[in-house]
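Reviewing the structure listed below.
The values are calculated or read from the model by the stated rules, or taken from the named source; none is laboratory data. Note that the structure is predicted; figures quoted are calculated from it, not measured. Cβ sites come from the backbone with ideal geometry, for glycine too, and all protein chains shown count toward neighbours. The area values use the complete protein model at the heavy-atom level, side chains included, leaving out ligands, DNA and RNA. Shrake-Rupley method; radii C 1.70, N 1.55, O 1.52, S 1.80 Å.
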Amino acid sequence: MQIPGHPRVEIVVPVKNEENDLGPNIRRLREFLDTAFPFPAEVCIADNGSTDATYEIGALLSAELPGVRIVRLEQSGRGRALKQVWSASTAEVLAYMDVDLSTNLNALLPLVAPLLAGHSDVAIGTRLAKSSRVVRRPKREFISRSYNLLLRATLSAHFSDAQCGFKAIRADVARELLPLIEDTSWFFDTEMLVLAEKAGLRIHEVPVDWVDDLDSRVAIAKTVGEDLRGIARLTRNLGRGRIDLEPIRQKYGRPRILDPRTALAARVLRFCAIGVLSTAAYALLYLVLRQGMGMPAQVANVMSLLITAVGNTALNRRITFGVSGVENRWRHQLRGLVAFGIGWSLTASSLWLLHTAVAVPHQAVEITVLTIANLAATVVRFSLFQAWVFDDDAPTIPSFEPPAVLENTRSN
């Protein structure tokens, strides 16, 4: 029994050449919505480029069943169909499912309820949760799990199942997110989820009961190729700051709540790891410049510090402090050079004191003193990075006061 007055849900069923499954499955879906789903819901059949009788059957269903409509797109592409229908919809929550209804419909209410309540922004069915019950062929199981592992490795994705054809999104969130999605085919789902996650949106996952469709029309080899190209494009665009997620992050983003002590400890560990790498690179460069090229000690010290400082700032910007994109990159590097100057003064002073005490110190002693001084400079550099270098709300003069507001470009 549907509850009148509640927000509406629109369920899009994208189809292409599905004349055999369309009629019985749309009737089954409509019956479920009328008898077992408590919210007013519409079904939209999105025919994208069918060449058989799919559109004619869909038109008959639309005339026969209240709450069913059909949209015709001449071009194929599931992503294109979803983007067009969702963009024009007036429903409060937008969902989609595959026409084969592989996912048990009892998962529909748990899928959309958190969106209707405003608790979550996007919801997905997952076949990879421990409580999911899935029947499918080993080949598809392997491909699915490998794909989701690849997303974790390349795009740092934390959602468990990108490809399950059972998803929903709040309409107000969709209006902000859809214009940023480029893919019009099977990678559409993944791109939507990655952008949602990067924007700090909350993704709700529902374990589902799922049975493999033995008559699936998906061309696996072609889809894999498209997905790999999509991953490469998305990784490149996110890395270069070409996708502006900041308006969505500010409007809807929910930053992760971390224990400040845990967050600081994790940041210090990342900084230390980069510091060890930088110190080793510094020592190697110094030896090359000092012994291999015969540079004076102070010149070799400055050159080694300058080269490693640029790399150190870039790595800490992205890895330690989570700042991505090109915005303020040069400002951060300039501030990093100020921190480099302070570090240089420590190492230069140590070198001067050593040569004052010992006219011709042993090379090993010189390297040891400089390494210790450089480690001390690293501690000072962390304080500057934390309080000033990557805080774009900080005053123009370095301050060791902790920043009151985290910069907006910082990743959540």
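With the charge dipole of the chain set up from +1 on Lys and Arg Cβ and -1 on Asp and Glu Cβ about the Cα centre, the Cα lying farthest toward the positive end among the listed residues ALA221, ALA123, ASN237 is that of ASN237.
I'd like to verify something in the chain: which complete DSSP H helices, judged by Cα projection on the helix axis, reach 24 Å or more and average at least -1.0 on the Kyte-Doolittle scale? Working shown, then result.
Working: long enough: 138-155 (25 Å, -0.29); 220-239 (28 Å, -0.12); 260-287 (40 Å, 1.19); 297-315 (27 Å, 1.29); 329-357 (41 Å, 0.30); 363-384 (31 Å, 1.33).
Span-like helices, by this rule, are 138-155, 220-239, 260-287, 297-315, 329-357, 363-384.
Using +1 at the Cβ of each Lys and Arg and -1 at the Cβ of each Asp and Glu in the chain, identify which of ALA265, VAL206, LEU65 lies farthest towards the dipole's positive end. Farthest towards the positive end: ALA265.
How much accessible area per residue does the chain have, counting only protein heavy atoms and a probe of 1.4 Å, in square angstrom?
Details: 19910 Å² over 412 residues.
Per residue, the chain has 48 Å² of solvent-accessible surface.
In the chain, Cα pairs under 8 Å separated by at least six residues give a relative contact order of 13 percent. Dividing the convex hull volume of the alpha carbon atoms of the chain by its residue count gives 175 Å³ per residue. Separation of the alpha carbons by more than 21 angstrom is noted, of LYS198/LYS222; LYS139/LYS167; LYS16/LYS198; LYS16/LYS222, for LYS198/LYS222; LYS139/LYS167; LYS16/LYS198.
Just how large is the dipole of the chain about the Cα centre, in debye to the nearest 20, putting +1 at every Lys and Arg Cβ and -1 at every Asp and Glu Cβ?
Numbers: 46 positive and 42 negative charges, 283 e Å.
Roughly 1360 debye for the chain.
In the chain, helical runs assigned H by DSSP with n ≥ 4 each contribute -39500 (n - 2.57); averaged across all residues and rounded to the nearest 500, the mean residue ellipticity at 222 nm is -16500 deg cm²/dmol. Semi-axis lengths, largest first, of the ellipsoid equivalent to the stretch 122-207 are 22, 14, 12 Å, with √(5λ) applied to each eigenvalue of the Cα gyration tensor.
Placing +1 on the Cβ of every Lys and Arg and -1 on the Cβ of every Asp and Glu, with nothing else charged, gives the stretch 95-177 a dipole about its Cα centre of roughly 460 debye. Think of the chain as having a plus end and a minus end, set by charges on the Cβ of Lys, Arg, Asp and Glu; of GLY79, PHE159, LEU94, PHE159 sits farthest toward the positive end of this dipole.
Here the accessible area of the chain is 62 percent carbon and sulfur, with a 1.4 angstrom probe and all protein chains present.
Using the crude model of +1 on Lys and Arg Cβ and -1 on Asp and Glu Cβ, and no other charge, please compute the dipole size for the stretch 1-139 relative to its Cα centre, in debye to 20. Mind dumping the intermediate values first?
Values: 16 positive and 16 negative charges, 140 e Å.
Magnitude of the dipole: close to 680 debye.
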